[in-house]
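S.K.: My structure is below; once you've seen it, I'll send some questions.
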Amino acid sequence: MKRNITKCRCCNDNLFPFLSFGKMPIANGFLLRKNFKKEYFFDLKVCFCKNCYLFQLFKQPSPKKMFHKNYAFFSETSEYMKRHFKKTANLIIRNFKKRRNFSILELGSNDGIFLKNFKNNNHLGIEPSFNVFKVAKSRGINCINKFFSTKLALKLSKKFDVIYSANVLCHISNIKDAIQGVSILLKKNGVFIFEDPYLGDVIKKTSYDQIYDEHVFVFSLHSVISICSRYNLELYDSERQTTHGGSMRYFICHKGQFKKTNRLKNILKEEKRNRLDRMTTFKKFRNQCEISKKRLLALLASLKKKNKIIAGFGATSKSATTLNYCGITDKTISYIADSTPIKQNKFSPGSHIPIKTYQYFLQNLPDYALLFAWNHKQEILKKNKFFENSGGKWIVYVPKVKIL
Ligand code: TMP
Ligand code: ZN
């Protein structure tokens, strides 16, 4: 089932798509050859709401198509993300754990990478994908296998000091229902902390690959303020994050509970300077996407002309947009190496490029490796120094198409 949304998911104003990436598969829908024929596609179109500033998809496939028992994303595959969640847990421990009967809730607790730091506290995780939920459960994390909603919030009959959510809110199409659920579960002096890829970074870096089926929203401070105000919640602080190629962490409380920080005011000013509240910005972004696509295709074509072998590195969800928007197939990219077992020996969605193990990469080094996991660039380049030392070269396409 496709959801045909023509009204803003937050304020119900009319939506006008300004950019189309064409036919897209489910970004995490890694598949076997026998399933190529019945693969599901939808039109990936993006729009901006001039009224509440929410950058959103026009249509989104139903959540059940994306978050299910075989969900392919395991948070623990990256050392960098493990460190990030440890640091975040320490920040929360420093600021809130002294409270009596401290309790914490995580929305989208995945494999328990974050909540494992709160095993000895009153904690709860909510995770809709069964396979990652099961992993967290086996690690002794208290969690439930459900989609988060107001209905579920009302059933929980308990409130939390901290509600945390990383890379989850941007996936929830019924954002109003989710934020209402948060407002129900947050103690009077509680803090809701969430982080997601940031619109300011997507625009600045032309990282159009952040846009795919699961990411129904790319938030900015402007849009978060709009959504929160509907439920008597208030954004009082925000902090940039380097994760996922540029994210923002939002700190939200019940209205009037905390003083707004200067850090928040400064980022808000910057959003105004960068015109993240104007449609013209997004029309320019559309042109930048086209330029990026042309440059990447030209570079790959010139390398193929010289008979160079090109492989992909990191079969990220993001890469589905890049590969399908640019029309790249296994004629150009021989294989994509990825360390996630559930993706291996399958094919990339839509573009049908074989996914191989890291071991395979080591035994079949290409001349060029196209870094789809560009957000893990530092970690990957460091781990694979030998690749460059043996004459291999990395290609990136964010923020600019280039050979490193
Ligand atoms: P992400 O950008 O959504 O976090 O996905 C990163 C993907 O890249 C994930 O499928 C795991 C893969 N990956 C590797 O194969 N090797 C690595 O060294 C790293 C850091 C990630
Ligand atoms: Zn709106």
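S.K.: Could you go through the range 246-262 and let me know if any residue there is within 23 Å of the chain's Cα centre (by Cα) and open to solvent by 60 Å² or more (accessible area, probe 1.4 Å). Lay out the reasoning, then the answer.
M.R.: So the first thing to find is which residues in the range 246-262 are within 23 Å of the chain's Cα centre (by Cα), and the list is 246-252.
If we keep only those that are open to solvent by 60 Å² or more (accessible area, probe 1.4 Å) as well, we get none.
Within the range 246-262, none of the residues are within 23 Å of the chain's Cα centre (by Cα) and open to solvent by 60 Å² or more (accessible area, probe 1.4 Å).
S.K.: Same structure, new question: From the set of residues in the range 66-115 that are within 16 Å of ligand 1 (Cβ to nearest atom) and of a type in the set (Gly, Ala, Ser), which is modelled with the highest pLDDT?
M.R.: Restricting to residues being within 16 Å of ligand 1 (Cβ to nearest atom) and of a type in the set (Gly, Ala, Ser), the top hit is 108.
S.K.: Yes or no: residue 274 surrounded by fewer than 19 Cβ atoms within 10 Å (Cβ to Cβ) and touching a Lys or Arg at 6+ places or on another chain (Cβ under 8 Å)? I'd like the intermediate steps shown before the answer.
M.R.: Values: surrounded by fewer than 19 Cβ atoms within 10 Å (Cβ to Cβ): yes; touching a Lys or Arg at 6+ places or on another chain (Cβ under 8 Å): yes.
Yes.
S.K.: Only one of these conditions is not met by residue 159: (1) buried (at least 21 other Cβ atoms within 10 Å of the Cβ); (2) over 20 Å from residue 223 (Cβ atoms). Which number is it?
M.R.: Evaluating residue 159 over (1) buried (at least 21 other Cβ atoms within 10 Å of the Cβ); (2) over 20 Å from residue 223 (Cβ atoms) leaves (1) as the failure.
S.K.: So, in the range 27-65, how many residues would count as being open to solvent by less than 50 Å² (accessible area, probe 1.4 Å), away from ligand 1 (no atom under 14 Å from the Cβ), modelled with pLDDT under 95 and closer than 30 Å to residue 112 by Cβ?
M.R.: Result for the range 27-65: 4.
S.K.: Now for a different question. Kindly indicate the residue of the range 4-34 that is among the charged types (D, E, K, R) and in contact (Cβ under 8 Å) with a residue 12 or more places away in the chain and also farthest from residue 222 (Cα to Cα) among those meeting that condition. First the steps, then the outcome.
M.R.: Going residue by residue through the range 4-34, those that are among the charged types (D, E, K, R) are 7, 9, 13, 23, 33-34.
Right, trim to in contact (Cβ under 8 Å) with a residue 12 or more places away in the chain and you get 9, 13, 23, 33.
On the way: 9: 15, 13: 16, 23: 30, 33: 44 Å.
Checking each candidate, the answer is 33.
S.K.: May I ask you to list the residues in the range 221-241 that are among the polar types (S, T, N, Q) and either away from ligand 1 (no atom under 16 Å from the Cβ) or at pLDDT below 95 (or both)? So that I can check it myself, show each step before the final result.
M.R.: Residues of the range 221-241 among the polar types (S, T, N, Q): 223, 226, 229, 232, 238, 241.
Of everything in the range 221-241, those that are among the polar types (S, T, N, Q) and either away from ligand 1 (no atom under 16 Å from the Cβ) or at pLDDT below 95 (or both) turn out to be 223, 226, 229, 232, 238.
S.K.: Starting from the range 35-55, keep only residues that are in the same structural domain as residue 210 (by TED's automatic domain parsing) and of a type in the set (Ser, Thr, Tyr), then list their pairs with residues that are away from ligand 1 (no atom under 16 Å from the Cβ) and assigned to a loop (DSSP other than H, G, I, E, B) whose Cβ atoms are within a distance under 6 Å, requiring at least 6 positions of separation or different chains.
M.R.: Within 6 Å, the pairs are 53/277.
S.K.: Just give me the residues in the range 166-201 being assigned to a helix (DSSP H, G or I), open to solvent by 10 Å² or more (accessible area, probe 1.4 Å) and modelled with pLDDT of 95 or more, in sequence order. Write out each step before concluding.
M.R.: Of all residues in the range 166-201, those assigned to a helix (DSSP H, G or I) come to 169-171, 175-185, 199-201.
Applying the additional criterion that residues be open to solvent by 10 Å² or more (accessible area, probe 1.4 Å) yields 171, 176-177, 180, 183-184, 200-201.
Hits for the range 166-201 are 176, 177, 180, 183, 184, 200, 201.
S.K.: Quick one: is residue 218 surrounded by 24 or more Cβ atoms within 10 Å (Cβ to Cβ), within 16 Å of ligand 1 (Cβ to nearest atom) and either of a type outside the set (Ser, Thr, Tyr) or part of a strand (DSSP E or B) (or both)? Show your work before the answer.
M.R.: Working: surrounded by 24 or more Cβ atoms within 10 Å (Cβ to Cβ): yes; within 16 Å of ligand 1 (Cβ to nearest atom): yes; either of a type outside the set (Ser, Thr, Tyr) or part of a strand (DSSP E or B) (or both): yes.
Considered against the rule, which asks whether it is surrounded by 24 or more Cβ atoms within 10 Å (Cβ to Cβ), within 16 Å of ligand 1 (Cβ to nearest atom) and either of a type outside the set (Ser, Thr, Tyr) or part of a strand (DSSP E or B) (or both), residue 218 comes out as yes.
S.K.: Those residues that are open to solvent by 90 Å² or more (accessible area, probe 1.4 Å) and more than 21 Å from residue 186 (Cβ to Cβ), I need them from the range 71-104; list them, please.
M.R.: 79, 83, 86, 87
S.K.: Can residue 28 be described as under 16 Å from residue 348 (Cβ atoms) and either more than 18 Å from the chain's Cα centre (by Cα) or more than 16 Å from ligand 2 (Cβ to nearest atom) (or both)?
M.R.: On the way: under 16 Å from residue 348 (Cβ atoms): yes; either more than 18 Å from the chain's Cα centre (by Cα) or more than 16 Å from ligand 2 (Cβ to nearest atom) (or both): yes.
When the stated conditions are applied, residue 28 passes them.
S.K.: List every residue pair whose Cβ atoms sit under 9 Å apart, with the two residues 6 or more apart in sequence or on different chains, where the first one lies in the range 384-404 and is in contact (Cβ under 8 Å) with a residue 24 or more places away in the chain and under 17 Å from residue 319 (Cβ atoms) and the second, anywhere, is open to solvent by 10 Å² or more (accessible area, probe 1.4 Å) and part of a loop (DSSP other than H, G, I, E, B).
M.R.: If the second residue must be open to solvent by 10 Å² or more (accessible area, probe 1.4 Å) and part of a loop (DSSP other than H, G, I, E, B), the pairs left are 394/404; 395/401; 395/404; 396/404; 397/206; 398/206; 399/206.
The values are calculated or read from the model by the stated rules, or taken from the named source; none is laboratory data. Bear in mind the structure is a predicted one, so any value in this text is a computation, not a measurement. For neighbour counting, all protein chains shown are included, and Cβ atoms are generated from backbone atoms with ideal geometry for every residue, glycine included. The protein model used for the area step is the full one, side chains on, heavy atoms only, and it has no ligands, DNA or RNA in it. Shrake-Rupley method; radii C 1.70, N 1.55, O 1.52, S 1.80 Å.
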